[in-house]
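Here the structure comes first, spelled out in structure tokens, and everything after it is commentary.
The values are calculated or read from the model by the stated rules, or taken from the named source; none is laboratory data. As the structure is a prediction and not an experimental result, all values here were calculated from the model. Cβ sites come from the backbone with ideal geometry, for glycine too, and all protein chains shown count toward neighbours.
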Amino acid sequence: MKTILDLDTGIDDALALAYALGSPELELIGVTGTYGNVLMKDGVANDLSLLDLFGRQDVPVFHGEPHASTKDGFEVLEISAFIHGRNGIGEVDLPASQRSVDERGAVDFLVDSVREHGDDLVIVATGPMTNLAAAIDRDPEFAANARIVIMGGALTVPGNVRPWAEANINQDPEAADKLFRSGADVTMIGLDVTLQTLLTYEETKQWRELGTEAGRVLADMTDYYIKAYDTTAPHLGGCGLHDPLAVGVAVDPSLVTVIEHNMKVDVDGETRGRTIGDEVRLNDPEKNVKVAVGVDVERFLSEFMSRIGSVAARG
Ligand code: BDR
Ligand code: CA
């Protein structure tokens, strides 16, 4: 299956990238950059460096929108810098890539790819939905033909950056609301399930013990992330594998159980950024989103370790 990753890289975005590269079912045709954990251009620089590290310079990378269309700019939140480090990858030093981004912007690449590949393509978005909303605006056919798995939102649990809001949706609630209402085939992998899939130092140790540079980098950055979780959410006992789970579901939807629901995002008032069922369309027989509410934790963790392990072992 052809795949595009839309990333704000980001430690768990980096793990999502490695998961995709370690999945023979997926053919990664491009990485589009968004802002969130870091500035868009810093996330893109991380993507290029990580693709170098993993020996995948053949994968093109695209600059995306640098901020929400409802805003004039974007600054990294303190909480993001705390969780992912100022450089987005846990202060791990990676050589800057000699490669440059593709000339086409992310939104054009998304639109062209959906036109060309239709349902032989899955887009996995693990940052704010700004690029996707721009693609919906640019091409009236985009939504009807796109298959999208997002990491974002929370239906049955509270948010993580505010009581109502999950980080990716919080950055651009209007974009996520547009995506939900667009008619696109959307699967929502939210905190409901991603906070059940946890990683500990036990697992990262296995990557370090491979003795490869990729294994060391993945272990060092993920240890930074686990340490941040020890402070922000000590009750979990590990870090949430948010973004890799979205890629896992793109490979194998049976990893999660979903409810089909007509979702919306609150854009006003104190619940701004909340992902919730739309009371107006509660009885509409057509549902707009598959919301993951259960996950086969053991099976996912075993897939995660073997796929990341295969990438870490290569170089
Ligand atoms: C999401 O927010 C970002 O910090 C992570 O990379 C993930 O995509 C979790 O809420
Ligand atoms: Ca992310």
Quiz prompt | Check on Glu213, acidic (Asp, Glu) and free of Cβ contacts under 8 Å to residues at least 24 places away in the same chain | solution = no
Quiz item: So, in the range 264-299, of the ones that are in contact with a Phe, Trp or Tyr (Cβ under 9 Å, 6 or more places away or on another chain) and under 21 Å from Ile123 (Cβ atoms), which residue ends up farthest from ligand 1 (Cβ to nearest atom)?
Solution: Asn288
Practice problem: Take the residues in the range 120-161 that are among the β-branched types (Val, Ile, Thr) and part of a helix (DSSP H, G or I), then tell me which one is nearest to His242 (Cα to Cα). | Solution: Thr130
Quiz item: So is Ile4 in contact with a His (Cβ under 6 Å, 6 or more places away or on another chain) and either buried (at least 19 other Cβ atoms within 10 Å of the Cβ) or among the small types (Gly, Ala, Ser) (or both) or not?
Solution: no
Quiz prompt | Residues (surrounded by fewer than 21 Cβ atoms within 10 Å (Cβ to Cβ), closer than 20 Å to Met129 by Cβ and in contact with a Phe, Trp or Tyr (Cβ under 9 Å, 6 or more places away or on another chain)) located in the range 219-263 | solution = Asn262
Quiz prompt | Which listed residue is surrounded by 22 or more Cβ atoms within 10 Å (Cβ to Cβ) and at pLDDT 95 or above, from Leu121, Leu110 | solution = Leu110
Quiz item: Among (1) outside any helix (DSSP H, G or I); (2) under 17 Å from the mean Cα position of the chain (by Cα), where does Pro234 come up short?
Solution: (2)
Practice problem: Any chance you could count how many residues in the range 135-172 are over 23 Å from Glu286 (Cβ atoms), more than 11 Å from ligand 1 (Cβ to nearest atom) and surrounded by 24 or more Cβ atoms within 10 Å (Cβ to Cβ)? | Solution: 1
Quiz item: Counting just the residues of the range 1-44 that are in a loop (DSSP other than H, G, I, E, B) and charged (D, E, K, R), which one comes out nearest to Val161 (Cα to Cα)?
Solution: Asp8
Practice problem: For Val31, work out the one condition from (1) among the β-branched types (Val, Ile, Thr); (2) under 14 Å from the mean Cα position of the chain (by Cα); (3) within 12 Å of ligand 1 (Cβ to nearest atom) it doesn't fulfil. | Solution: (3)
Quiz item: Can you pull out the strands (runs of 3 or more DSSP E) entirely within the range 262-315 that have at least 2 residues that are of a type in the set (S, T, N, Q), in contact (Cβ under 8 Å) with a residue 40 or more places away in the chain and on the phi < 0 side of the Ramachandran plot?
Solution: none
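For (1) in contact (Cβ under 8 Å) with a residue 40 or more places away in the chain; (2) crowded, with 21+ Cβ neighbours inside 10 Å; (3) within 13 Å of ligand 2 (Cβ to nearest atom); (4) aliphatic (A, V, I, L, M), each residue gets a yes or a no:
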position	(1), (2), (3), (4)
Asp8	yes, yes, yes, no
Asp13	yes, yes, yes, no
Ala20	yes, yes, no, yes
Ser23	yes, yes, no, no
Thr32	yes, yes, yes, no
Lys41	no, no, no, no
Gln57	yes, no, no, no
Pro60	yes, no, no, no
Quiz item: If you scan the range 174-199, which residues turn out to be more than 14 Å from ligand 1 (Cβ to nearest atom) and of a type outside the set (A, V, I, L, M, F, W, C)?
Solution: Glu174, Asp177, Lys178, Arg181, Ser182, Gly183, Asp185, Thr187
Quiz item: Which one is surrounded by the fewest Cβ atoms within 10 Å (Cβ to Cβ) among residues in the range 66-80 that are part of a loop (DSSP other than H, G, I, E, B) and small (Gly, Ala, Ser)?
Solution: Gly73
Quiz item: Wholly within the range 162-211, which helices (runs of 4 or more DSSP H) include no fewer than the required count, namely at least 1 residues that are in contact with a strand residue (DSSP E or B) (Cβ under 8 Å, 6 or more places away or on another chain), under 11 Å from Gly152 (Cα atoms) and at pLDDT 95 or above?
Solution: 167-171, 173-181, 191-194
Quiz item: Are any of the residues in the range 94-106 in a helix (DSSP H, G or I) and exposed (fewer than 14 other Cβ atoms within 10 Å of the Cβ)?
Solution: no
